[in-house]
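Read the figures in this text as sums done on the coordinates, not as results from a lab. Computed from a predicted structure; not experimentally measured. Quick reminder, even Gly has a Cβ in these numbers, built from the backbone with ideal geometry, and neighbours come from all protein chains shown.
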Amino acid sequence: MAVTYYAGCDLALAVTLTDQNANPINLTGATVTLKMLDPGGFQRILSPTVTSATAGQISQQLTAAQLATAGEYQFQVVIVENGLTSASNQFSLTLSEQLF
């Protein structure tokens, strides 16, 4: 079953960060940010909630205002720990235009 997301709606984004062997990345003591690039090229730096540090889980509430435009939104998680910065692979979310 396909799921369609629409521009202008609130959305809760949940992400589990894993290493190349699919093991969860331990986020204990790390600073985590979420970069978001909207379809118009505007970049936002967000501060997600770490929901489980040892399981590598984060969440971010995205508002209707942040998701106002239909199109592809690109994301990347950035982790800073002990002065070292690492970044996730980019992932995307495509929002459709609302019909009504």
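Here are some notes:
- Residue 67 meets the conditions (1) assigned to a strand (DSSP E or B); (2) touching a residue at least 40 places away in the same chain (Cβ under 8 Å); (3) crowded, with 16+ Cβ neighbours inside 10 Å in every case but one. The failed one is (1).
- Matching residues, segment 1-49, being within 12 Å of residue 76 (Cα to Cα), assigned to a loop (DSSP other than H, G, I, E, B) and of a type in the set (A, V, I, L, M, F, W, C): 17
- Residue within segment 55-73 that is farther than 17 Å from residue 94 by Cβ and in contact with a Gly (Cβ under 7 Å, 6 or more places away or on another chain) present: no
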